[in-house]
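Quick notes on the structure that follows.
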């Protein structure tokens, strides 16, 4: 059960950081390749036309985080358990 708790803590930490600024997330994709994504959920960093509209009625999947990819200029998602590292404002976390 310890693994589940650490996953939730990582998810909560990432969610909080993403809501306040830009985060560089290094994760392993489903196909096994590594990806680095500069992303956020902070509305000030997301173009107006890409802003979410209203509240989602879907049940949130706690294994996945949905983020705005600054470099690709679109919404992407990644599995929390696939995160290798993340970095905020140049300081490794």
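All of the numbers you see were taken from the coordinates with simple rules; none came from a lab. Please read these numbers as outputs of a predicted model, since none were measured by experiment. Neighbour counts run over all protein chains shown; Cβ positions are idealised from the backbone, glycine included.
Structure above, values below:
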{"item": "Rounded FRET efficiency, nearest 0.05, which uses the C-beta distance separating residue 9 from residue 50 and R0 of 25 Å", "result": "0.30"}
{"item": "Semi-axis lengths, Å, the stretch 2-92, gyration tensor of Cα atoms, sqrt of 5 times eigenvalues", "result": "20, 16, 13"}
{"item": "Inter-probe distance in nm under a simple model that places probes 7 Å from Cα toward Cβ, at residue 88 and residue 75", "result": "2.3"}
